[in-house]
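The values are calculated or read from the model by the stated rules, or taken from the named source; none is laboratory data. All of these numbers come straight from a predicted model, not from anything done at the bench. Reconstructed Cβ throughout: ideal geometry from the backbone, glycine too, with neighbour counts over all protein chains shown. With ligands, DNA and RNA removed, areas are computed over all heavy atoms of the protein, side chains included. Shrake-Rupley method; radii C 1.70, N 1.55, O 1.52, S 1.80 Å.
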Amino acid sequence: MNKSPLDILRRELGGEPPAAFKDLDAPSLSHLAAAMSGARARQKQQLDEALTKALEHVPMLMRGPIRKILGL
């Protein structure tokens, strides 16, 4: 099943987009959804890097259990 750009944007936002978004054409909605997906991926990567860097300040023996708790 092929989803509409508005459906893809809803999934990216995790809910209903602002009413003004419904006035955008399909290519603009697709571009916006792709930009949001890329931003989320970059954010996840940066957060993972920050957590890994922060673990350098934790004593070596505690890093494993803390990684497990944090799901890293």
query: Do you know which residues across the range 4-19 are surrounded by fewer than 14 Cβ atoms within 10 Å (Cβ to Cβ), within 13 Å of the chain's Cα centre (by Cα) and closer than 10 Å to residue 33 by Cβ?
result: 11
field: Residue check for residue 57: under 17 Å from the mean Cα position of the chain (by Cα) and open to solvent by 50 Å² or more (accessible area, probe 1.4 Å)
entry: no
message: Cβ contacts < 7 Å: first residue open to solvent by less than 60 Å² (accessible area, probe 1.4 Å), restricted to the range 36-50; second residue part of a helix (DSSP H, G or I), any location; separation 6+ or different chain. Result?
response: 36/12; 37/12
message: Being of a type in the set (Lys, Arg) and in contact with a Pro (Cβ under 8 Å, 6 or more places away or on another chain) is the filter here; which residues of the range 1-44 pass it?
response: 10
